[in-house]
Amino acid sequence: MDDERDLVKRCLKREVKAEKQLYDLYVHKMFGICLRYSGNAMEAEDLMQEGFLRVFSLLHTFRFDGSLEGWVFHVFIHSAINYTKRHLRFKAEVRLENYDHHATFHEESLSKLSHDEMLKIIHDLPPGYRTVFNLYAIDGYHHKEIGKMLGISEETSKSQLYMAKRRIREILIARTNFGLHNIAKS
Amino acid sequence: MEEEDKIEKRFSEAFRDFKREPSGLVWEGLKRELHPESKPQNPWDRLWMFPRHFPGRFRLGIAAAAAVFAIFLGIIYFGTASHHVVSGHAYTGETRMCRGTAFLFKVDDKVMPRDSIVHYRSAMVDENGGYRFPGIGPGEYLLRVSPPDGSEIASKFQASWYDQHVSPDSAHLVIVGPEDVQADVQMRKRN
């Protein structure tokens, strides 16, 4: 904790060495988050830079009443949301037609998905679905919080999550029924 | 458990502690944003036109090639900027001489008889009697035109120096200064 305090103090003094130390401490985890919230690796790097800039500019507001990692995570989530909001209007939402409620996917097609395949599936989701799916299913936020963060109603958040899961389910069904094992790689 | 719930659980578990390494460019970009005032730390970084992650040897090669190219352009520019064209026509009486060869000699001494005449350039005389020497630097020259070997003209006219002389000692100098020079040669008849 003292080390953390010292690190923050040195960062506030704008010591490059300390800034690099803080960056190295969280870079891998935060890049994992950026990859999930962005549409591809390049966007993720943009988001990553934006997130750390925000971290360093808001560092003076950190009061040491929780872990630094938790605070950095929180800042990054907000950066990701801002980034998504900026790009949301430029990406068309694609509606799924002829959704088959009775079809099922094979357990293996889900359990054997690699990280890269899962990332590809997440990247292929429309930004709205992707953001809500990330916030709710992976980062553990509630619909009420998500609604506040994104400026949407709780019901909209729920429906976006439902559509996201439906889209993923459809991809998995396609992999099961048609042996399209490369669908997520394409 | 519903399939949608299984999806949620699987993704949640898989990405709980998901970590990845970005490229080194993220930190470099971030550092530049955080410290725009900071100067590059070594001479290589002063070569701002090259991305910093390029290997040193590659950067050295590019820098050396750029320097050589710049020097080459400088030589071309400054080497030709003060040069001019010496041109003219060879005449056999009232008409222009058809074909032949024109020679330009650099004159290095002022003493007669001249013994430091150095051949400088040659040019073909065209069917209209014209000849042209481009890129001639400032200085004093002697111009000599000879008729085409074995031709009927050669049997009537002899090689002549500017303006109408048979000897370099009596020939007029072609003086190249700040402008192009027009120098016509009247061919001397054989005796």
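Listed values, structure above:
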| read-out | value |
| --- | --- |
| Single residue of B:ARG121, B:ARG114, B:ARG132 found to be closer than 17 Å to B:SER160 by Cβ and among the basic types (Lys, Arg) | B:ARG114 |
| Residue check for B:ARG132: under 11 Å from B:VAL185 (Cβ atoms) and either among the polar types (S, T, N, Q) or without any contact (Cβ under 8 Å) to a residue 60 or more places away in the chain (or both) | no |
| Residue in segment A:142-163 that is closer than 12 Å to B:PHE15 by Cβ and in contact (Cβ under 8 Å) with a residue 12 or more places away in the chain present | no |
| Restricting segment A:44-69 to residues that are in a helix (DSSP H, G or I), open to solvent by 10 Å² or more (accessible area, probe 1.4 Å) and in contact (Cβ under 8 Å) with a residue 40 or more places away in the chain, the residue that is nearest to B:GLU37 (Cα to Cα) | A:PHE56 |
| Residue satisfying all of: in segment B:124-176; at positive phi and part of a strand (DSSP E or B); surrounded by the most Cβ atoms within 10 Å (Cβ to Cβ) among these | B:GLY139 |
| Extreme residue, nearest to the other protein chains (Cβ to nearest Cβ), among residues of segment A:142-177 that are open to solvent by 20 Å² or more (accessible area, probe 1.4 Å), of a type in the set (Ser, Thr, Tyr) and over 16 Å from B:GLU2 (Cα atoms) | A:THR176 |
| Residue selected from segment A:102-117 under the condition surrounded by fewer than 18 Cβ atoms within 10 Å (Cβ to Cβ), at pLDDT 80 or above and part of a loop (DSSP other than H, G, I, E, B), by the criterion farthest from the chain's Cα centre (by Cα) | A:LYS112 |
| Extreme residue, farthest from the other protein chains (Cβ to nearest Cβ), among residues of segment A:2-24 that are in contact (Cβ under 8 Å) with a residue 24 or more places away in the chain and open to solvent by 50 Å² or more (accessible area, probe 1.4 Å) | A:ARG5 |
| Some residue of segment A:29-37 being without any contact (Cβ under 8 Å) to a residue 12 or more places away in the chain and more than 8 Å from chain B (Cβ to nearest Cβ) | no |
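The values are calculated or read from the model by the stated rules, or taken from the named source; none is laboratory data. Everything numeric here is computed off the predicted structure, so don't read it as measured data. Reconstructed Cβ throughout: ideal geometry from the backbone, glycine too, with neighbour counts over all protein chains shown. Just so you know, the surface numbers come from the protein's heavy atoms only, side chains and all, with ligands and any DNA or RNA stripped out. Shrake-Rupley method; radii C 1.70, N 1.55, O 1.52, S 1.80 Å.
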